[in-house]
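Before any comments, here is the structure.
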Amino acid sequence: MSTEKIDGVSVATQASVYFDGKCVSHGITLPDGTKKSVGVILPATLTFATGAPETMEGVAGVCEYKLAGSDTWVKSGPGEKFSVPGNARFDIRVAPGAAAYHYICHFG
C-alpha cells in the first residue's frame, strides 16, 4: 500500500521544477528533521543524478526505471519502492499518454 498522507510536516511552498516541467516536486521536513520530497513526473524519459542515496516510493501512476550500469528497465507502481545509490545516475520514464507518476523520495 502506498503512503496517502504525511502528517505534521513543514512544506517548501516553492516547487523544484526539472526538465521543463516534466518533473515537479516539493521538499518536506518531518518533525524529527528528516527531509523528503513529494512530486510528480509527467510522460517523459529523464536522467537524474543523486547526491545521497534515495528510495523512490510510488504513490500513483507507473514508471519504469533503469539504474546506472544496467540495461534493464524495471516497472514500479503504487506501493512499490526502488532504491538508488548515492552519487549515481538513473533513468526514469513514464510512457507517452500514461497517467503521471506520483512519488515520495526518501533521502538517506
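Considering Cα pairs under 8 angstrom that are at least six residues apart, work out the relative contact order of the chain and quote it in whole percent. The partial results should precede the final answer.
Working: 264 pairs, mean separation 33.8, N = 108.
Reported relative contact order: 31 percent.
ASN87 versus LEU46, label points 7 Å from Cα toward the beta carbon: distance in nm?
Each label point lies 7 Å from its Cα, and together they span 2.4 nm.
Given the Cα-Cα distance of VAL9 and PHE107 and 0.36 nm per residue of separation, how much length would full extension add, in nm?
33.7 nm
Mind listing the Cα extents of the chain along all three principal axes, in Å, largest one first?
Result, largest extent first: 39, 30, 30 Å.
Would you give the gap between the C-alpha center of region 71-90 and the C-alpha center of region 1-32, rounded to a whole Å?
Centre-to-centre (Cα) distance: 18 Å.
Since every read-out is calculated from the coordinates, none of them should be taken as a lab result. All figures in this text were calculated on a predicted structure; none of them were measured in a lab. For neighbour counting, all protein chains shown are included, and Cβ atoms are generated from backbone atoms with ideal geometry for every residue, glycine included.
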